[in-house]
Every structure is written in C-alpha cells, then in structure tokens.
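The values are calculated or read from the model by the stated rules, or taken from the named source; none is laboratory data. Since the structure is predicted, the reported quantities are computational estimates derived from the model, not experimental observations. Here the Cβ positions follow ideal geometry from the backbone for every residue, glycine too, while neighbour counts run over all protein chains shown.
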Amino acid sequence: MAGIIYALTSLFLGICAGLSAPRNHPANEVTLLDSRSVQGDLAWVASPTEGGWEEVSIMDEKNIPIRTYQVCNVMEPNQNNWLRTHWIRRGPAQRIYIEIKFTLRDCNSLPGVIGTCKETFNLYYLESDSDNERFAHESRFEKIDTVAADESFTQVDIGDRIMKLNTEVRDVGVLSRTGFYLAFQDVGACIALVSVHVFYKKCPLAVRNLAQFPDTVTGADTSSLVEVRGSCVNHSEEQEVPKMYCGADGEWLVPIGNCLCNPGYEERNEQCQVCKVGYYRSLSSDGGCRKCPLHSYSMKEGATSCDCDKGYYRSETDPAAMPCTHPPSAPHNLISNVNETSVLLEWSPPITSGGRQDLTYNVVCKQCVRDTQRCTPCGDDVRYSPQRLSLRSTRVSVHQLQAHTNYTFQIWAVNGVSKHSPSLEQATSITLTTNQAGECSKDITRHTLSLFWDKPEKPNGVILEYEVKYYEKNERSYRIVKTTSRSADIKDLTPLTSYVFHVRARTAAGYGETLIVSLSVAAPVVGGVISSAVLLLLVAGCVVVLLLTLIITFIITKRIYVDPYTYEDPNQAIREFAKEINTSCIKIEKVIGIGEFGEVCSGRLKLPGKREICVAIKTLKAGFTEQQRLDFLSEASVIGQFDHPNIIHLEGVVTKCKPVMIITEYMENGSLDMFLRKNDGRFTVIQLVGILRGIASGMKYLSDMSYVHRDLAARNILVNSNLVCKVSDFGMSRVLEDEPEGAYTTRGGKIPIRWTAPEAITYRKFTSASDVWSYGIAMWEVMSYGERPYWDMSNQDVIKAIEEGYRLPPPMECPLALHQLMLESWMRERADRPKFSQIVNMLDKLIRNPATLKRTAGDASRPHPSTLHHAPSLGSVDEWLKTIGLEQYRENFSTAGFCSLESVLPMSHEDLGKMGISCSAHQRKILSSVQELLSGMHHRQDTKVPV
Ligand code: ACK
C-alpha cells in the first residue's frame, strides 16, 4: 500500500511538471471552489479517516504547493471510501458545474489486482442551508454521476511511461438551498484528485451598440435564455430599447436596439467620447464629431454646434454643417416705370447674396408729402403683383396708388439671416410721382371730369350707394348721379364754367353728411371756390379733378378674389387668408348638421382680448387624404378673402391639430330654404324684399371681387337671428362633386340644373351673369317660401322648357315688380340680364316705395308646370326714351341702374328728381308714359302661353 502511494506521489511530481500553473478561469465562470487556489490544507472530510482518501501535498513546477487527495486500495475488495468537501455557498447560481482533474491508474498496468481494481469513482452532492450537515449520513447524498477516465486524457510523458490526466465536467441544478457539499466515492480505484473546480456560469458585463449589459447569471436550465435590458453608456441616449439574451453557456446572444452618443460626443471604443475643441456634433444621429464649418468656431470640448464668427449668422433652419452666412447687400439698378397709378419696379440682384441660396425681396411703399421728408406707410389698398413680400423675381408691379402722389419704394434684399442684422445697406430705394388716375387718359374730354372720393370714415352702416349732385355755380338747377363705387365720370359739362359738387353716402339709415366740392372746368385753370372742406384742383387737357378733403381722397380700389388653387402650395393660401386659431379658444357645444366633409357643430369662440361669440364649426372627419384636406380648407381660403355683411364671415381655421376645423360666425336660423319652409306665409313682402336685398348685396360684392359663386340657391344662404341673409358654401369641391342638387351634364361635372343659366349648363360659361340667373331662381324660392323651382319636373324637361322660352310664373302674392326682376335675370342673352348692382338699386327703390309692391300678378302661385310663364319683354330704356323724345336722359337712367323697361315701372317724381331729371314737364312726360306701359303690361300678363 505504502509502496503504491509512493508510486502515486512520484507520479504526481511528474504530472505537475507537465501541468501549467493554476489558470485564470474564463470570464463567464464564477468560481465557488477551486482546490488549487486554497492556501494550506483542504481539510475535506474523509471516511474512513484512515486507509481511505488521503490529502497529499505536492509541488508544481513553480514550487507552489498543490493539495490533492489520493486513494489506491486496488488490492482490497469492497472499498467504500468517501471524501466530502466543505460546505460551499451557492451564491446566485441555480446550476453549478464541477470540473475534476484526476489521474486514474489503468488496472491492466497493476499486477495482481484482477477482481478488485476499479477504474471509476462516483460524484455526489447534498444541499443544505448552512454548514451543519458536514457529517450527514452518506445515504442522504444524491448521486450526480459515475466518473470514468475517458478519451479526453491529457497525455503526460514520464520517462518511458505515459500517464493520462483526465478532465471531466459535470453539472447539477436546479439548486435552491444556500449551499451544498460534494462527495467523491471511491470503490477500489487508484485515483489522485489533482484539482476540483466548482463554478457557475454567467454572461459577463458587456457593451453592445453603446448599451451596457450587467453580469447576468445564466438560467437554471441548460437551454434557457435570460432576457436582459441594457442601459445606455455615459453620454448616450436610447434610440431603440437595447436588449440581449444570456445563454446557458454564458454567451450573450441576439443584441436588439441601440443607444446613440449625445450631441457633442462621438462613439469610440464602445464609449461616447467628447468632441475636441474646434469640432462639434449636433445630432445624436450624426456620424462622428466634425470640424466646425466655414466662418464658425467652437471654444470648448463637447460642442453641439459652432458659433458664428462676428458678422456671420445662422438661420433657425440652417443645418449645423452649413457655413455661417451674412445678409445680402442691397439690390441695385432699381428703375421704375410709372403708368398712371401703377408702377413697375425692376432691379438687379445684389452683388453678394451672403453665401446663401434663399434670397428674396420685400417691397416697402411709403407715401410722401411733396417737398417734405414726411412719409407714411402706404395703405392696404395698394396692390402688388405678384406679391409684396418674399418676391423671388426682380420685378414687381404696384397698383392702385393714388394719382399725383409722391411715393418712395424701398426694395430690400432679404435672406434667411437678414433679421439678425437688418440694415439699410440691404435696401435700395426710389422716389417717384404717380400720374393721373384711371379712365382719364382714355376718353376724357374737356366736357368730362372724373371724381374720386374716399369712404367716409364712420358711415352709419353699410354704404348702399353714393349720390353725386352737381350744378353750375350760381345756377339753381342741378343734376344727380348715383353710383355704388367711389368714383363717377361727370359728362356734358360746359368748359370754362365753375361747378359745385355734393357727394353723400346712403346707408340703410339714410343719407350721411354731404361733401361739397367746387371747381372749374377748363384749360387752363380759371379758378375755383374752395369750400370749407374741399380743395379744388384742375388739370389741363383731359379734365381731371383730384379732390383732397379731410374725408375724401381719390383712389379706386378694386379687390380681386384670388383662387386658392392658383397657389403652387394651397397651404400658403390658407395661411394667407385664414387665421390659425388655437383650439383652447374653441368650445364645441353641439352637432347641428352634417357637411360634405364631416360634422358641423355650434360652439363658442373666445379669442384673447375679444368677447366670446357663437360660432359654427365645420370639421374634417378622420381618415381624410391630403387632397380632401386641401379641398375642405379651400373654402376657408375663399371666405377669408371676403368682408361683407351679407357674406358668411370666417373667424379662422384649426389646421395644426386634429380635427381640422373651419370656424365661421354662427347663423341662428340655419339655411334659408329650410327657414322659409318652416315659416311659410309668416313674413311681410317688405321683409321678403329685405332678404332678397341682402342676398343681392352679398352677390354684388362677390361679382365686384370677380368671384363667381356657381351655386347660388336658397339652400346655400344662411340666416341669422336678425333675419340677415348671408351667402355661404364656398367650397371648391361642391363645384365639382358634392352639390346635392348637382346633376351630371353630358360634358361631365355636376351642375344644379334648375338654378343654373342655360349657357352654364351647355358650355360651362359661368359668370356673374349666370349667378344673376341663379339669383332669380333664389328670388323665386324666397317669394314662394321655399318651393322647389319647377316643382317635380325632371331636369331634362326644365332644360327643354327654358330653351323654348318658358319661365317660372310669379309665386302667390308676389309683387309684379319682383317677378319682372326675376324674368329679367332669366334673359336668354346674359348681357341682357341686370347686374347685381342694378338689382340692389331696384330692390332699394322698391323698399323705399312700398306702394310699388302692392301690385301683384294675381293668384298665379304653384301653377301646374303646364302654366309656365312665357317671358314678356318691353324693350330697352334707350328705345323708350327715344320714342318719347327724351333721349338726353339715357345716362341718368343707366347710372341710376335702370337697364330695362320693367325696372322703370315703380318710378316716382322723387326718383326722377334724384336722378337729376328736375324739369317738371319732362318728369310728367316720363311718368305718364310709364303708366301707359303698365296698363299695356297688365294686358299682356293676362295672356299666358302654355307650354
Ligand atoms: O340647414 P342647416 O341648419 O344649416 O344645416 C346645415 C348644416 O350646418 C350642414 O351644413 C348648418 N350650418 C352651416 N354653417 C352654419 C353657420 N355658419 N351657422 C349655422 N348653421 C350652419 C347648415
């Protein structure tokens, strides 16, 4: 026995010479026990204490002692030698690994051992929560495995013999107690345990994609994966949640997500390192730190952007990589070309654009008092084409300037950084004087003059028209001209004569203060009288008068509607014409209807500094396309351009959050057709005419703006609590698609047939004259309290009947004059239809003379379609005046809005006086002729022509 032990010990010395020093364990192994690193005795428990396992110290090649346990009772039968380790704390491990290095003598190499010699040993373990089971009975141990020497021997040459060092690894789990003991059972082998290494596995701390993953103990199972969330390394931020899986063998698997270095830092060696001075990194998504661009610098480490050199700037939208730039120099070679009250300005681009591509030009217009330095900004009336601000071209035309006025125009070259350093060095200017206004250069003679005046500052309501009364100074007879515009051409004047002009405005409340102007007509100036408020000016050649008073100045302003679809970016039109409202100012109260794009609600709007008002809120339903959004908002771009008491008023839009909304004033009585049907027969004729006048006035405003509505009908008029009617429904899409009354024509496109003029149906000639036709139908709807035009006739029958000259008959109790007006607006030739301005005049006249509304066409209401009315025509005013020998009054009639004979019928003495027909003989002649006409008409009215 002792001889054998000796043999083994010497063997170890040999083996150890071939062993490397205690190795460092891999990073994914956490050692719980390593016999080779124990200083001093291992002091494991052997049983039997004698003759079984023995602790033997040997030296490795570096003279470091190694503790081994050996047993070699191969000659004796029935061996049962146990060797137990001390209590080993489990730590966080659920599965542990036991690596055993050992030598095992081959029984064949030992003489005389047959039958007793073994070549295996058994490995056991016992779990316990503390070191109190040191002497527990062997039967309580659980077997892990029987360990045999296998093919993985490390061969060690010892002289002429080869010894084999075995390495075997076993694992056990799931462990749950605080610690455990291991035990080696020898049953008669010749073994030396060279080392026992007990460990568990972990995935070691790792950094992937700038996320750090902590040490992670592997799962309990050999196949389990532990999901671990990483945290971003210093100076980085999460882009996508970083995750990895810790595999059972301690390897990290499947990295997902990542972090990015913060601005001012860049990724180097799996860390975020600060950018050096002179470098910057602005976005976490950028590559590495970059050198500061031209004309910029960074003075500190970790710069997220570079500061611009003095005199250089960056706009809010400039990328950090862009060099700093400066404002442009001034445009140069500015020239002007004055044409009456318009000016064309042209210039050359500035010498330097400041290093940018976003050069535009702004125009500043100032009106200057002649020979002084006093200038004031030009008024809102002045028009710029293509626009005043952000011009890309180097020319602009300016219109509607005041005649004979000094202007200074500045052209500013502007780029994205101009606002950082505004200076007159970026502008060039020119001063000029406008010529005479408007018509004058065309056909004004010494017998003619043109008057222009400004709106009274505080008119007592909406101005319905102006009255110009004029007479030769020192003469009593006068002439009157009425006009709805703020200008009048006065004809048939006598040269070398002084005239006095009175101009006054009329509102629903009557006439306002009179402006008196005295002047002389002649060339050269022969003098004039300056009244209290008026300055006389006379210009030779064509006689042009510019009146400058406290209240009146002379400029013709005609605003033209701009089609939002002519904008390259329709969103720009929305921004230009509609105010963006913050949703916090809007309170939606209830749904009042369904529009083409979504619900229409009523609610309240409280804008800062204004009182709360009731509003209607049109919403755009969810899921819309960009085109639908633009179509929806186009209505706001249209209404936003209008400002008239008979046009629905836009409060603003909500486009920045959802739902997109259009906010308009609230009209308590909803749409006119429904309102009339609900109130059948309840209004006086004057109230109905008031409704018609409101609509006509709104339409006149639209036609003055060159806007063609195309869908004027009672359903598209809204009524408020004061019975004021306002034209609404300006959506673009309804013209194409969504009109409920729309019928497809043979040429495609939907048209509300019964409201539409024949030329618009047949060849899409939509004009203000076709709007007048629709207005006539709307009149008929009003006077019949919402009856359907042409009742239940089919669209085809309506078209045919109209073609054959038949027209709707007067509704019940409809004043004759109103039906006449309807018939005029349904004239086949659109040029023969009255203009909206004339319609407004006629209705005003009827309102002023309610007696003229008494005459009705008898009970012709709701007749069968077979009694459609064949339109009578009395001929023209000019012809009539000629027949009665008073053609000199042609002008007076046309200026006063009498364009057809029908419209003359309700005329009175007073009307004639106001028209400037003051001679009483002439007045009598005209009125008696009117009487004759009337009786003739009644006769004709009785003979209706059936279809
Ligand atoms: O005929 P109504 O009552 O009047 O039902 C329709 C509905 O919303 C869908 O268009 C009503 N509506 C539209 N705009 C306004 C408004 N500004 N004030 C009151 N009601 C309105 C319209």
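Hey, residue 708 hits all of (1) farther than 30 Å from residue 851 by Cβ; (2) within 16 Å of the ligand (Cβ to nearest atom) but one; which does it fall short on?
(2) is the only condition that residue 708 fails.
Looking at the stretch 136-151, which of the residues that are under 19 Å from residue 44 (Cβ atoms) and of a type in the set (Val, Ile, Thr) is surrounded by the most Cβ atoms within 10 Å (Cβ to Cβ)?
Per the criteria, the residue is 147.
Which of (1) at pLDDT 95 or above; (2) touching a His at 6+ places or on another chain (Cβ under 8 Å); (3) over 27 Å from residue 832 (Cβ atoms) is the odd one out, the single condition residue 718 does not satisfy?
(2)
Do we find a residue being of a type in the set (A, V, I, L, M, F, W, C) and in contact with a helix residue (DSSP H, G or I) (Cβ under 6 Å, 6 or more places away or on another chain) anywhere in the stretch 377-396?
no
Any idea which of (1) without any contact (Cβ under 8 Å) to a residue 60 or more places away in the chain; (2) outside any strand (DSSP E or B) is the one residue 212 doesn't satisfy?
All conditions pass for residue 212, except number (2).
Return yes or no: is residue 685 over 22 Å from residue 574 (Cα atoms) and of a type outside the set (Gly, Ala, Ser)?
When the stated conditions are applied, residue 685 passes them.
What about residue 689, is it touching a residue at least 24 places away in the same chain (Cβ under 8 Å), hydrophobic (A, V, I, L, M, F, W, C), within 12 Å of the ligand (Cβ to nearest atom) and out of contact with any Lys or Arg (no Cβ under 7 Å at 6 or more places or on another chain)?
Here the answer is no, as residue 689 does not meet what is asked.
Name every residue in the stretch 47-86 that is part of a loop (DSSP other than H, G, I, E, B) and buried (at least 17 other Cβ atoms within 10 Å of the Cβ), in order of residue number.
52, 53, 60, 73, 74, 79, 85, listed by residue number.
Exactly one condition in (1) over 23 Å from residue 802 (Cβ atoms); (2) modelled with pLDDT of 95 or more; (3) within 16 Å of the ligand (Cβ to nearest atom); (4) under 35 Å from the mean Cα position of the chain (by Cα) is not met by residue 700; state its number.
Of the numbered conditions (1) over 23 Å from residue 802 (Cβ atoms); (2) modelled with pLDDT of 95 or more; (3) within 16 Å of the ligand (Cβ to nearest atom); (4) under 35 Å from the mean Cα position of the chain (by Cα), the odd one out for residue 700 is (3).
Need a quick list: strands (runs of 3 or more DSSP E) entirely within the stretch 406-501 having at least 3 residues that are at pLDDT 80 or above.
406-414, 427-433, 463-472, 479-483
Out of 574, 594, 581, which single residue is at pLDDT 85 or above, within 16 Å of the ligand (Cβ to nearest atom), of a type in the set (A, V, I, L, M) and farther than 21 Å from residue 405 by Cβ?
It is 581.
For the stretch 596-610, which residues satisfy the criterion of being without any contact (Cβ under 8 Å) to a residue 24 or more places away in the chain and outside any strand (DSSP E or B)?
606, 608, 609, 610
Within the stretch 249-276, how many residues are crowded, with 19+ Cβ neighbours inside 10 Å, over 21 Å from residue 300 (Cβ atoms) and touching a residue at least 60 places away in the same chain (Cβ under 8 Å)?
1
Scan the stretch 108-121 residue by residue and report those that are surrounded by 11 or more Cβ atoms within 10 Å (Cβ to Cβ) and at pLDDT below 85.
109, 110, 113
Name the one entry in 254, 241 that is closer than 24 Å to residue 95 by Cα, among the β-branched types (Val, Ile, Thr) and part of a strand (DSSP E or B).
Only one candidate qualifies: 254.
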